[in-house]
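The values are calculated or read from the model by the stated rules, or taken from the named source; none is laboratory data. Bear in mind that the values here come from a model prediction, so they are computed numbers and not experimental data. Here the Cβ positions follow ideal geometry from the backbone for every residue, glycine too, while neighbour counts run over all protein chains shown. What goes into the accessible areas is simple: the full protein's heavy atoms, side chains included, and nothing from ligands, DNA or RNA. Shrake-Rupley method; radii C 1.70, N 1.55, O 1.52, S 1.80 Å.
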Amino acid sequence: MKCAKVLSCAMWSLAFTLTALPSLAADYPAPQEGSWVVRDFRFQTGEVLPELRLHYTTVGAPTGEPVLVLHGTTGSGAGVLTPAFAGDLFGRGQPVDASRY
């Protein structure tokens, strides 16, 4: 009986912690997606790619000082934009404050 009570308390604590984590992150502007397209991109070798499309996501005003954040994985850059991570990175007063950069 004692073990079940401890397990129940642990489960409730875990549930509370997981639901509270996103609210601990600082607020930051909503990310905006866009694409940059170059037609007839010519490589140094002379080969031509009819269309080169680069997809990107921005956070903050485009008039600020730009900061390029590369996610460095084979996955998606969306991992950098999760509330728990991005809030601590792009929030007001944070290292890459989106109101400034």
Tally, over region 31-47, of residues that are within 30 Å of Gly91 (Cβ to Cβ) and open to solvent by less than 70 Å² (accessible area, probe 1.4 Å): 3
Test result for Phe16, surrounded by 10 or more Cβ atoms within 10 Å (Cβ to Cβ) and modelled with pLDDT under 70: yes
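Each row is one residue, and each column tells you yes or no for (1) of a type in the set (S, T, N, Q); (2) touching a strand residue (DSSP E or B) at 6+ places or on another chain (Cβ under 8 Å); (3) outside any helix (DSSP H, G or I); (4) modelled with pLDDT of 80 or more.
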{"position": "Ser35", "(1), (2), (3), (4)": "yes, yes, yes, yes"}
{"position": "Asp40", "(1), (2), (3), (4)": "no, yes, yes, yes"}
{"position": "Arg53", "(1), (2), (3), (4)": "no, yes, yes, yes"}
{"position": "Ala61", "(1), (2), (3), (4)": "no, no, yes, yes"}
{"position": "Thr74", "(1), (2), (3), (4)": "yes, no, yes, no"}
{"position": "Phe85", "(1), (2), (3), (4)": "no, no, no, yes"}
{"position": "Pro95", "(1), (2), (3), (4)": "no, no, yes, yes"}
{"position": "Arg100", "(1), (2), (3), (4)": "no, no, yes, yes"}
